[in-house]
Amino acid sequence: MSFLRALLSSARPARRSPEPGSGLPTDDDLLLDAPDERIAPALVAAAQGTYAPASALLAATRERAEWENRDRYTLRLAAFAHHRQDWLTDWLLAAPGDPDALLVKAELEVRRALESPSPADRLRPAGPLIDAAAAGSPCDPVPWRIALDHARGALAAHDTFEALWGQAVMRSSHHYGCHVAALKYLAAQGSTHRECFDFAEQAAEDALPGSLIQALPVRAAFALLPATTPLSALSPSSPSSAPPSPSSPSSSAAQLTARIDKAADLAIALSAEYEAGDPWAAEVRNLLAYVLVSRERWTEALEQFRLIGPYATSFPWASPASGAPTDDPLGRFLELRYAAQSRAASGAAPEAGRTKPVGVRRWTPGRSRSDGHYA
């Protein structure tokens with residue numbers, strides 16, 4: 001049995017506000033990576049140097065087995081600690097064996113290592129932290145998701161990754177974060193696009209109704225698109241044309257294109273199961289909008305931008321693969337939203353022009369959406 005089976009730019013017009021009645025929020029109403037109402041107070045407190053709300057939040061997710069929320073909140077808290085760690089240091093000093101504090105610390109160290117020039121060397125100290133977090137919460141799949149990311153950065157062999165994957169799915173067989181980690185590992189190991197699609201499609205087929213795992217194939221599509229459809233060619237001023245084919249036989253290229261569209265269709269159906277403006281589905285909808293724009297499915301892309309509402313996310317717009325400058329994901333989001341609106345409305349390319357990138361308007365603890373803060 002194979003390892004795979006074992007796992008089971010920008011010329012643009014001056015930006016305009018959306019047309020009244022379009023259902024799209026204005027540019028000023030958008031906020032990048034806005035937290036939900038449960039974690040927002042914890043982030044505000046962390047900004048003030050206090051860890052108690054974060055501790056209470058993660059303890060609640062552990063006690064209630066809210067593994068998807070636990071993973072998402074751990075990622076957000078670790079991302080905040082990446083820039084300001086005093087509150088996490090105080091938490092670990094006060095409760096060195098706290099599995100929630102250890103979980104955030106483990107995620108933080110893996111994140112830092114993966115962003116460094118030599119991740120394998122920097123990942124070694126994170127191993128004991130992951131082990132301690134797993135031991136402190138034996139039913140929790142999140143330490144094992146972190147272990148999967150750790151294995152990817154450490155270039156772990158397939159059998160090592162399989163063992164970790166087995167531990168993860170034993171605790172939560174439908175955990176979205178673990179499936180994303182597995183897909184990233186496959187891609188990092190040099191698996192073909194077809195192998196990544198095979199894994200993602202099988203996982204989506206086995207997923208529970210409404211599970212974000214059904215968006216896994218569109219993540220596989222995202223990894224393929226930069227090689228086939230550079231978004232820099234899809235600004236509103238560019239003439240519409242069929243995307244270039246991969247450097248493979250035409251029949252194979254057609255098969256991959258069909259899988260991309262199938263993945264998008266599945267993600268559209270998943271998106272329809274969530275209310276418009278639901279922050280839980282925001283990242284999946286942002287990713288789906290990217291894929292639909294790259295496939296020039298303008299009307300469907302515009303509908304996803306409407307469903308996203310004010311919840312723009314850094315991924316995928318900050319990814320180098322998207323052709324976006326990493327310091328302006330919101331600008332890229334707005335550029336492609338305008339492209340979808342313009343093409344869907346008339347099919348005609350607007351007059352070319354260029355504007356300076358807008359500042360990235362991030363949610364900052366203690367700031368309201370309307371205060372005009374830009375990071």
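Could you tell me which GluC sites (Glu not before Pro) in the stretch 269-329 are loop residues by DSSP with no more than 13 other beta carbons within 10 angstrom of their beta carbon?
Values: sites: 273, 275, 283, 296, 300, 303; in loops: 273, 275, 296.
For GluC sites (Glu not before Pro) across the stretch 269-329 that sit outside H, G, I, E and B with at most 13 neighbouring Cβ atoms in 10 Å, the list reads 273, 275.
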Review point. Calculated FRET efficiency, residue 202 and residue 275, Cβ-Cβ r, R0 22 Å, to nearest 0.05?
Key: 0.15
**Study point:** Two-site FRET efficiency, residue 189 against residue 261, from Cβ-Cβ distance with R₀ of 30 Å, rounded to 0.05
**Key:** 0.70
**Study point:** Alpha-carbon radius of gyration plus Dmax, which is the widest Cα pair, for the stretch 38-191 in Å
**Key:** 14.7, 44
Check your understanding: At what distance in angstrom do the alpha carbon centres of the stretch 140-210 and the stretch 56-122 lie from each other?
Key -> 20
Revision key, fill the gap. One finds, for residue 86 and residue 56 with R0 = 22 angstrom and r their Cβ-Cβ distance, a FRET efficiency to the nearest 0.05 of 0.75
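The numbers here are math on the coordinates, done by the rules we state, and not lab data. Everything numeric in this text was worked out from a predicted model, so none of it was measured. Note that each Cβ is placed from the backbone with ideal geometry, even for glycine, and that neighbours are counted across all protein chains shown.
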